[in-house]
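Below is one structure; the comments refer to it alone.
The values are calculated or read from the model by the stated rules, or taken from the named source; none is laboratory data. If you're wondering where the values come from, they're calculated on a predicted model, not measured in any experiment. Glycine also receives a Cβ, built like all others from the backbone with ideal geometry; neighbour counts cover every protein chain displayed.
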Amino acid sequence: MTGKTGTEGVARSMVAATVAIGAGIGCINALQPILLGSMLDAGRLSVTQIGQGATAELTGMALATTVAALRLEPVALRRRAAVALVAMLAANLLTPAMHGGAVLACRFVNGMGTGFLFWIFVGLVSRSATPGRLFAIYISVQATGALLLSMLLSSVLVPRLGPLGGYGTLAAIDLGLLLFAMPRIATGYGGEQAQRGGLPPAAGLLALASVGCLLGGIMALWVYALPLFRALGHGDAASHVAISAAIGCQIAGGVLSSILAERLRPLPVCIGAALVCIGCVLTIFLLRADMVLNVAMGIYALCWMGVPAFQLPLLIRLDPSLRAVLLIGSAQMLGLSLTPVIASAFISHHGVTAVAWVAVAFMAISILVLLLAMATARAASARSEVAPAPPGC
């Protein structure tokens, strides 16, 4: 087929290029503890600036994804992707040489490029013949790549090269995507269904807030994982093993979600995942053994990777107009970007262990807001006396 895609599907080379781009840009969040931890060890960032660095990157991602979805036409994608990858390549090469605010600026630029590529990725996947299967492949490839990269960075490259080992690897990935994946993506796509504009109803907005709070709480702890584990008495080797084990469990989370997404009701899964993550954080804080840390972080990461597959259908059921689900990416990135900087404020006053309580608070809030969203949807349904309450939640 030509470079344009529609709902009839995409060519195999285009599928491979799309998955490569998605997996390449999707590894960054999972590697943040190692990447930002190396900057801390090298004296390029302070402990509080770790959260600010993660926030700068995620804010750039959220801004680029939202603006692209609202303002850009899906045309000239290869040229635009090339610009994004060149900007990311430069940002990753410059990061190891920067200090403080300059590091934050580089991470913001990288986040902007990542967010734009994420918009291209989602657009192409949604227009493939089998988007669900392709997304499941993407999750598995991303998680596997993140696991292998975490092992390579933590055991070989970062100990020997410091921040250059981590961010140089990201730059190499950017270069590979630029040379081999970008020329094979679609130049544009069409055949998209008309989408309704405007803000979602109250229930949809509350559900989006719940999505942001849950993933934000998860990321708040993840970004500060290395300094938190050290503060709790774990050595560097044990801390890196726990992070690698967690990334490995993300693969299981992706596989399980692809199998169970159509079999389980999304509301109990979303609430249960939040409760399990809260339990994992409390376990890490109260039982300070290396093996306990490995198990708890593995379960934590499994829920992290598994729950998004249930959040999307829940948003559809709470807001059948589909206006809420179109904003799920922005909600996720906004939550992921804000909570680390909020955690940094608490850390500056109460020490790094405060991040555990920030994470627990946001996860608990996500449950309360989701329950409020359900009540709001049912109240709106009762007032309209037309549509039934959201089924099967």
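Residue by residue through segment 124-155, note down the ones that are buried (at least 19 other Cβ atoms within 10 Å of the Cβ), over 25 Å from T169 (Cα atoms) and modelled with pLDDT under 70.
Scanning segment 124-155 gives V125, R127, S128, L134.
May I ask you to verify whether A209 is touching a residue at least 60 places away in the same chain (Cβ under 8 Å), surrounded by fewer than 24 Cβ atoms within 10 Å (Cβ to Cβ), outside the structural domain of I34 (by TED's automatic domain parsing) and among the aliphatic types (A, V, I, L, M)?
Spelling it out, A209 is indeed touching a residue at least 60 places away in the same chain (Cβ under 8 Å), surrounded by fewer than 24 Cβ atoms within 10 Å (Cβ to Cβ), outside the structural domain of I34 (by TED's automatic domain parsing) and among the aliphatic types (A, V, I, L, M).
Just one of L327, L293, L286 is aliphatic (A, V, I, L, M) and touching a Pro at 6+ places or on another chain (Cβ under 8 Å); which is it?
Of the residues listed, the single one that is aliphatic (A, V, I, L, M) and touching a Pro at 6+ places or on another chain (Cβ under 8 Å) is L327.
Considering each residue of segment 202-219, count those that are among the small types (G, A, S) and under 13 Å from L372 (Cα atoms), and give that number. Spell out the reasoning first.
Within segment 202-219, the subset among the small types (G, A, S) is 202-204, 207, 209-210, 212, 216-217.
Narrowing the set further to residues that are under 13 Å from L372 (Cα atoms) leaves 202-204, 207, 209-210.
The total comes to 6.
Go through (1) at pLDDT below 95; (2) touching a helix residue (DSSP H, G or I) at 6+ places or on another chain (Cβ under 8 Å); (3) charged (D, E, K, R) for R160 and report which single condition fails.
Only one criterion in (1) at pLDDT below 95; (2) touching a helix residue (DSSP H, G or I) at 6+ places or on another chain (Cβ under 8 Å); (3) charged (D, E, K, R) is unmet by R160, namely (2).
Looking only at segment 59-92, which residues are more than 20 Å from I173 (Cβ to Cβ), within 19 Å of the chain's Cα centre (by Cα) and not small (G, A, S)?
T59, L63, T66, V67
Looking at this structure, is P33 outside any helix (DSSP H, G or I), assigned by TED's automatic domain parsing to the domain that holds I185 and either on the phi > 0 side of the Ramachandran plot or not β-branched (V, I, T) (or both)?
Considered against the rule, which asks whether it is outside any helix (DSSP H, G or I), assigned by TED's automatic domain parsing to the domain that holds I185 and either on the phi > 0 side of the Ramachandran plot or not β-branched (V, I, T) (or both), P33 comes out as no.
Test V360 against the stated conditions and say whether it is buried (at least 19 other Cβ atoms within 10 Å of the Cβ), part of a helix (DSSP H, G or I) and either touching an Asp or Glu at 6+ places or on another chain (Cβ under 9 Å) or of a type in the set (A, V, I, L, M, F, W, C) (or both).
Considered against the rule, which asks whether it is buried (at least 19 other Cβ atoms within 10 Å of the Cβ), part of a helix (DSSP H, G or I) and either touching an Asp or Glu at 6+ places or on another chain (Cβ under 9 Å) or of a type in the set (A, V, I, L, M, F, W, C) (or both), V360 comes out as yes.
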